[in-house]
Amino acid sequence: MNNNEMQAEHPAGRIAVIAPSSTMTRVIHDTLRSRDLALPVIEAAQGDALRIARQLLDDGAVVLISRGKTARMLREHFRVPVVEVRHTFFDCINNYGKASRLSSRIAFLATSEGYARILEKSRPFIPGASICFIDPLGSVQNTEAKLDELQAQGIEVAIGGLSLQEPVKSRGMHYVMSDTDSDAVAEALDEALHLLQVEDERRQ
């Protein structure tokens, strides 16, 4: 099926996006405009994702698109297809470049195992950067302790999504919003459109 055939399925409202970072929101909107598609895109920290997803499903969504820990959480709570916009090597390198312009004391805040794996593979290309696995939906004390530890280590700029932006900035550190690869967004959108077609065929 080509893009025109997929667009003819009128996915508006039946595919919905929950974006856990402002950069993902921007790239999603750019991709939708380039393909002349209109889908609801809601930007939300992980703590708000389930509530927003319930509303989107009540409004008619049958496929969700998200990323990282948020995507996994949606899969665990809802019996609908959830397509993940994957973290890529490009994300890591681009984020590192942005952070390096602010300081050489950099920490990546990985909130999903998939992101942590990509970061570990990228280590030769992000020299000196720390990789901190952190769960913003875990205990507040644990999150605060990890951020305090990074600050004590002299970290001056952290890279992550919406959920950790405020607690990092409140410590006086710079924050770089985790980037999103446009190719990964396009692949996720294609997969969601395919799943929507499969769902339509199943119902018919």
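The values are calculated or read from the model by the stated rules, or taken from the named source; none is laboratory data. As the structure is a prediction and not an experimental result, all values here were calculated from the model. With ideal geometry, Cβ positions are generated from the backbone for all residues, glycine too; neighbour counts draw on all protein chains shown. Calculation scope for accessible area: heavy atoms of the full protein, side chains included, ligands and nucleic acids excluded. Shrake-Rupley method; radii C 1.70, N 1.55, O 1.52, S 1.80 Å.
Determine which single condition residue 141 fails, assuming it passes every other condition in (1) part of a helix (DSSP H, G or I); (2) loosely packed, with under 13 Cβ neighbours inside 10 Å; (3) at pLDDT 95 or above.
Condition not satisfied by residue 141: (3).
Look at residue 125 and say whether it is touching a residue at least 12 places away in the same chain (Cβ under 8 Å), out of contact with any strand residue (DSSP E or B) (no Cβ under 8 Å at 6 or more places or on another chain) and among the aromatic types (Phe, Trp, Tyr).
Working: touching a residue at least 12 places away in the same chain (Cβ under 8 Å): yes; out of contact with any strand residue (DSSP E or B) (no Cβ under 8 Å at 6 or more places or on another chain): yes; among the aromatic types (Phe, Trp, Tyr): yes.
In short, yes.
Based on this model, can you work out whether residue 75 counts as free of Cβ contacts under 8 Å to residues at least 24 places away in the same chain, open to solvent by 20 Å² or more (accessible area, probe 1.4 Å), farther than 30 Å from residue 38 by Cβ and of a type in the set (Lys, Arg)?
Working: free of Cβ contacts under 8 Å to residues at least 24 places away in the same chain: yes; open to solvent by 20 Å² or more (accessible area, probe 1.4 Å): yes; farther than 30 Å from residue 38 by Cβ: no; of a type in the set (Lys, Arg): yes.
When the stated conditions are applied, residue 75 does not pass them.
Among the numbered conditions (1) under 30 Å from residue 192 (Cβ atoms); (2) at pLDDT 95 or above, tell me where residue 87 comes up short.
Only one criterion in (1) under 30 Å from residue 192 (Cβ atoms); (2) at pLDDT 95 or above is unmet by residue 87, namely (2).
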